[in-house]
Amino acid sequence: MSSCLEEKHSRIFVTGPIIVGAGPSGLSVAACLSNRGVPSVILERTDCLASLWQKRTYDRLKLHIPKHFCELPLMKFPRNFPRYPSKQQFISYVESYAARFNIKPVFNQTVEKAEFDVASGLWTVKTQDVVYSSTWLVVATGENAEPVIPDIPGLEKFTGPVVHTSAYKSGSEFANQKVLVVGCGNSGMEVCLDLCRYNALPHMVVRNSVHVLPRDFFGLSSFGIAMTLLKWFPLKLVDNLLLLLAIFSLGNTDRLGLRRPKTGPIELKNVTGKTPVLDVGAISLIQSGQIRVTQAVKEITKKGAKFVNGQEMEFDSIILATGYKSNVPYWLKDNSFFTKEGMPKTPFPNGWKGENGLYTVGFTRRGLLGTAFDAVKIAEDITDQWMKMNGPLSSSNDNSFFTKEGMPKTPFPNGWKGENGLYTVGFTRRGLLGTAFDAVKIAEDITDQWMKMNGPLSSSNVCSSHIIHFHFNKS
């Protein structure tokens, strides 16, 4: 065990799982565990819940699919929320969710390294100032952890603003400008729509084929229609029906420069993770010429761009709607469960569990529906192991060690220890003398168990920076 190199890092043993990430994925696992009586600790690199939603999304963002498909486990959206909640409504839902299950992440904890220690059988998670260890590690940073910045020749030469959508808030900053928008997914389409509200002229770069579906069809959600049909019909048939609806509603998008892939929208999503665009008005603006569709960029110049068809144009600003990627490879060490791109090698629905107590959530490429599925499975699996280690779970209101008045049934001097790792201090009715007596006995007993689990304590544990804490996040 190192002493000097990690002297600035306090060490914390977590009795339940360590969850990395306080977005909807991490919160879902913590809530499901809390509901089953299992404690957990969430480590979050920012200062808030759902930081992607709070810090990296544009103002006009709304859920693209109906709210009942986006509910986190064990809690529905408020009835008064619209079918497609706004950014602020979703954030308030997430905050209420955390409050309901008494989830209190440890904020401003950037995980620098996480690895499994074979000798101890524990996961070690190192942040900038703390080393956490636990039997279980839940990777909940998701597939949208870091912005993707494309490698476009000459991008550094451009003299105007270059902004990724993670930093884009409103089209008001680009009013009356000619803007190059690189990317034609949901974000790219919505940014173009937003720019038009402020009299900007967006030119949207379409490099690859893309499926565009109407968000709603005669008052019904396209996504909801698809989910219902999939219960009764084969996937390929449902894909064909969706494409017929799209052609009826939007027309032939190939004529607009938006070529459709040969693979159907749902099948393509399942295989590659590429989400179809759900149109909320951008197609009509493309048809009217308020949004221009361009071919792929060959090179960025000082004042604009050259395109693969030989055309060259000047622009005031460039917006990169190029999506996000996983950051798992940067901090999870020596693990064969993930690809080099940071996605589980095992596809949905079996990609939630690895080896040695490793779990993943938020990597299904199926949005919040996939997150909810994984969270429930993870909580069930960890709870089974927890019960084998600690005995059947019981609520704090049904503990045979205490009287109904909340005092230990066993009198002093033997009331300091219960069963299954339960201890009490401050209940002796003998003031601080009794407290001191209990504290010494508890420390001796826990130390004996700790040494059996982790081996003899080294001299580095004498340092104040190596005090062992026990953090609980229990409802």
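Taking the stretch 271-297 as the range and being hydroxyl-bearing (Ser, Thr, Tyr) and more than 30 Å from LYS345 (Cα to Cα) as the test, the residues that pass are SER284, SER288, THR294.
Just give me the residues in the stretch 363-372 being open to solvent by less than 10 Å² (accessible area, probe 1.4 Å) and touching a helix residue (DSSP H, G or I) at 6+ places or on another chain (Cβ under 8 Å), in sequence order.
Result: THR371, single match.
Residues in the stretch 347-356 that are surrounded by 14 or more Cβ atoms within 10 Å (Cβ to Cβ) and within 28 Å of GLU71 (Cβ to Cβ): PHE348, GLY351, TRP352, LYS353, GLY354.
Scan the stretch 269-289 for residues that are over 22 Å from LYS62 (Cβ atoms) and open to solvent by less than 30 Å² (accessible area, probe 1.4 Å) and report the count.
Within the stretch 269-289, residues that are over 22 Å from LYS62 (Cβ atoms) and open to solvent by less than 30 Å² (accessible area, probe 1.4 Å) number 1.
Applying a threshold of 9 Å to beta carbon distances and a minimum spacing of six or more residues, or different chains, the list of pairs starting in the stretch 20-38 at a residue that is on the phi > 0 side of the Ramachandran plot and ending at one that is of a type in the set (Ser, Thr, Tyr) and buried (at least 24 other Cβ atoms within 10 Å of the Cβ) reads GLY21/THR141. Across the stretch 297-327, the number of residues qualifying as crowded, with 21+ Cβ neighbours inside 10 Å and of a type in the set (Ser, Thr, Tyr) comes to 2. Only residues that are open to solvent by 40 Å² or more (accessible area, probe 1.4 Å), part of a helix (DSSP H, G or I) and in contact (Cβ under 8 Å) with a residue 12 or more places away in the chain were counted in the stretch 97-125, giving 1. Residues that are in contact (Cβ under 8 Å) with a residue 40 or more places away in the chain, open to solvent by 40 Å² or more (accessible area, probe 1.4 Å), touching a Lys or Arg at 6+ places or on another chain (Cβ under 7 Å) and under 22 Å from CYS48 (Cα atoms) do not occur anywhere in the stretch 165-188.
Of THR364, THR360, all but one fail to be at pLDDT 95 or above and either under 16 Å from the mean Cα position of the chain (by Cα) or within 23 Å of CYS184 (Cβ to Cβ) (or both); the exception is THR360.
I'd like to check something: does the stretch 212-232 contain any residue that is more than 26 Å from LYS67 (Cβ to Cβ), buried (at least 16 other Cβ atoms within 10 Å of the Cβ) and not aromatic (Phe, Trp, Tyr)? No, that holds for no residue.
The values are calculated or read from the model by the stated rules, or taken from the named source; none is laboratory data. The model shown is predicted, which means the values in this text are computed figures rather than measured ones. In this analysis, Cβ positions are derived from the backbone assuming ideal geometry, glycine residues included, and neighbour counts consider all displayed protein chains. Please note that ligands, DNA and RNA were not included when accessible areas were found on the heavy atoms of the full protein model with its side chains. Shrake-Rupley method; radii C 1.70, N 1.55, O 1.52, S 1.80 Å.
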